[in-house]
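The next block holds one structure in the form of structure tokens; read it before the comments.
We did not get these values from a lab; they are worked out from the coordinates using the rules stated. Keep in mind the model is a prediction, meaning the values are calculated, not measured.
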């Protein structure tokens, strides 16, 4: 299987859309939206191990932020 990633410019575009979308949501709905987004994206990945690795990566990133 070929491991492909999004080019940085596209990733930046995704970040901007995500940030602006989160800003428009009612307070407290951000977590629900992010869970729905994660499931929608996971549904598009045909490899459960990649999805699980992405969850672990996101968790590690969140833990790193709280450690500093």
Helix 30-43 versus the longest principal axis of the chain: what is the Cα-based angle in degrees, 0 to 90, to the nearest 10?
20
Rounded to the nearest 10 degrees, what's the angle between the helix 8-24 long axis and the longest principal axis of the chain, both from Cα atoms, 0 to 90?
30
Tell me the Rg and the Dmax, in Å, that the Cα atoms of the chain produce.
13.6, 40
Helix 48-67: inclination vs the chain longest Cα principal axis, degrees, rounded to 10, gives 40
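Would you kindly state how much longer the chain becomes between residue 49 and residue 36 on full extension, computed as 0.36 nm times their sequence separation minus their alpha carbon distance, in nm to one decimal?
Values: separation 13, 0.36 × 13 = 4.68 nm, distance 1.91 nm.
Roughly 2.8 nm would be gained on extension.
Would you kindly state how much longer the chain becomes between residue 5 and residue 29 on full extension, computed as 0.36 nm times their sequence separation minus their alpha carbon distance, in nm to one decimal?
Numbers: separation 24, 0.36 × 24 = 8.64 nm, distance 2.85 nm.
Stretched out fully, the residue 5 to residue 29 stretch lengthens by 5.8 nm.
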